[in-house]
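K.L.:
First the structure, which I've put down as structure tokens, then a few questions once you've had a look.
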Amino acid sequence: MLTNIVLGLLILLIVLFPIVYITDLIKAAKTKQYETETSFWKMCILGFVALFLDALGIGRFNTITAASKNFNLLKANMLPGTLIVSTTIAAALIAFVFVTTIELDPTTLIVLTICSSLGAFIGAGIVSKMPEKWIQFVM
């Protein structure tokens, strides 16, 4: 029962997030508040590689962080939000596949989902306002 609720929430996330993302992208384009120095195609390739490695057990955040730094793909203050937003849809799809094929304890699944969502929401808001030098030092 609880697993079905989680699956339903994942499906809802997979459907709603692209709508919110595209709406926000259109709003940013109208107000010219989007990142113009980042290559869309380089980030797409990096995202594919990072998510493939993530499915194998190698974390996607460390892959994206290392590649972004080594290839100068992103400014440091853009990294926290990019890590969360750029991988949300794919991570939800991967989670859906894993939840339907691997038996999980529903309580653990719900607690981890809530904590990671809250951490992403609160953390990205805080870190995006920090000075770039401090973010570079911490990372």
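The values are calculated or read from the model by the stated rules, or taken from the named source; none is laboratory data. Just so it is clear, the model here is predicted, and its values are computed rather than measured. Please note that ligands, DNA and RNA were not included when accessible areas were found on the heavy atoms of the full protein model with its side chains. Shrake-Rupley method; radii C 1.70, N 1.55, O 1.52, S 1.80 Å.
K.L.:
Which whole-Hz couplings ³J(HN,Hα) result when phi for each residue of region 79-92 is put into the Karplus expression 6.51 cos²θ - 1.76 cosθ + 1.60, θ = phi - 60°, listed in order with x for Gly and Pro?
P.N.:
4, x, x, 5, 4, 6, 5, 5, 10, 5, 5, 5, 5, 5
K.L.:
Same structure, new question: Can you work out the accessible area per residue across region 86-125, with the rest of the protein chains kept in place, probe 1.4 Å, in square angstrom?
P.N.:
Per residue, region 86-125 has an accessible area of 64 Å².
K.L.:
Another one. If you roll a 1.4 Å probe over region 81-139 with all protein chains in place, what percent of the accessible area is carbon or sulfur?
P.N.:
75
K.L.:
Sticking with this one: At 222 nm, what value in deg cm²/dmol follows for the chain if DSSP H runs of at least 4 each add -39500 (n - 2.57) and the sum is divided by all its residues, to the nearest 500?
P.N.:
For the chain, the value works out to -25500 deg cm²/dmol.
K.L.:
Ordering 45, 64 from largest to smallest accessible area (1.4 angstrom probe), what's the sequence?
P.N.:
Heavy-atom accessible area, descending, gives 45, 64.
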